[in-house]
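What follows is a short report on a single structure.
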Amino acid sequence: MQQLLDGIVRFRREDFESHKELFKELKEQQRPHTLFIACSDSRVDPNLITGTLPGELFIIRNIANIVPPYRESGEYAGTTSAIEYAVKVLEVENIIVCGHSNCGGCAASLHSSDMLNELPHTHKWLELINPVRDTVLREMDSMEPEAWEWMMEQGNVVEQLKHLLTYPYIKEKIMSGELALSGWHYIIETGEVFIYDKDTGEFHLANEIRKNRKG
Ligand SMILES: [Zn+2]
């Protein structure tokens, strides 16, 4: 805890001071351009990896960056309500689903971990990625174990993009060009981000895409 308290004091003295004007602008409203859906994993830092400041990303984080398919229900729907608010009220222009390497949620689903028996809510939540797991299980014999993980993590990102399209108001905004979806796979140990290309069904390194765009 001491570490966190020291951090607060340091933030106020250093980072806050150097962004004073920005915080003043943000005092009464936020206008984030992007809804960023990431895993809760402590090693994934959306602002750090995208070089963004407070006010730019509206962030949802949960285990394995999952988007429950659209449904009308009376349950307490945390992820769904944050999506609703970001798209309908904040009118974000982009939604990014960002998976990552070494994802514990994806691994637990893939290897049907015993630990999940002790975690009923996590177990239930991960049911949402069973279709992805089943696809990987069917193809895993022909692959190296490291490739299973990537296939699960990247397949999961693609699955969540599909789930986003089940939201009528998201589909509508995509059709009218007001909203764009993107799927990312962040690699912890290299800092690289691979971006899903829906035309080829493959993930390409962000640096290469950027280079090609510029060139
Ligand atoms: Zn994860």
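Could you list, in sequence order, all residues of the range 136-163 that are small (Gly, Ala, Ser) and either open to solvent by 50 Å² or more (accessible area, probe 1.4 Å) or touching a residue at least 12 places away in the same chain (Cβ under 8 Å) (or both)?
Across the range 136-163, the qualifying residues are 142, 155.
Would you confirm whether any residue within the range 185-205 is without any contact (Cβ under 8 Å) to a residue 60 or more places away in the chain and part of a helix (DSSP H, G or I)?
No, every residue in the range 185-205 fails to be without any contact (Cβ under 8 Å) to a residue 60 or more places away in the chain and part of a helix (DSSP H, G or I).
Assuming residue 71 fulfils every condition listed in (1) more than 14 Å from the ligand (Cβ to nearest atom); (2) in contact with a strand residue (DSSP E or B) (Cβ under 6 Å, 6 or more places away or on another chain); (3) basic (Lys, Arg) apart from one, which condition is it?
(2)
Any residue that is among the aliphatic types (A, V, I, L, M) and farther than 12 Å from residue 98 by Cβ - is there at least one of those in the range 51-62?
yes
Identify all residues within the range 7-62 that are more than 16 Å from the ligand (Cβ to nearest atom) and acidic (Asp, Glu); write none if there are none.
14, 15, 17, 21, 25, 28, 56, listed by residue number.
From 159, 202, which residue is more than 16 Å from the ligand (Cβ to nearest atom) and at pLDDT 95 or above?
Selected residue: 202, the only one of 159, 202 that is more than 16 Å from the ligand (Cβ to nearest atom) and at pLDDT 95 or above.
Being farther than 17 Å from residue 105 by Cα and either open to solvent by less than 30 Å² (accessible area, probe 1.4 Å) or not assigned by TED's automatic domain parsing to the domain that holds residue 103 (or both) is the filter here; which residues of the range 34-48 pass it?
34, 35, 36, 46
The values are calculated or read from the model by the stated rules, or taken from the named source; none is laboratory data. Worth saying up front: this structure is predicted, and the values here are computed from it rather than measured. Neighbour counts run over all protein chains shown; Cβ positions are idealised from the backbone, glycine included. Remember, those area values only see protein heavy atoms, side chains included, never the ligands or the DNA or RNA. Shrake-Rupley method; radii C 1.70, N 1.55, O 1.52, S 1.80 Å.
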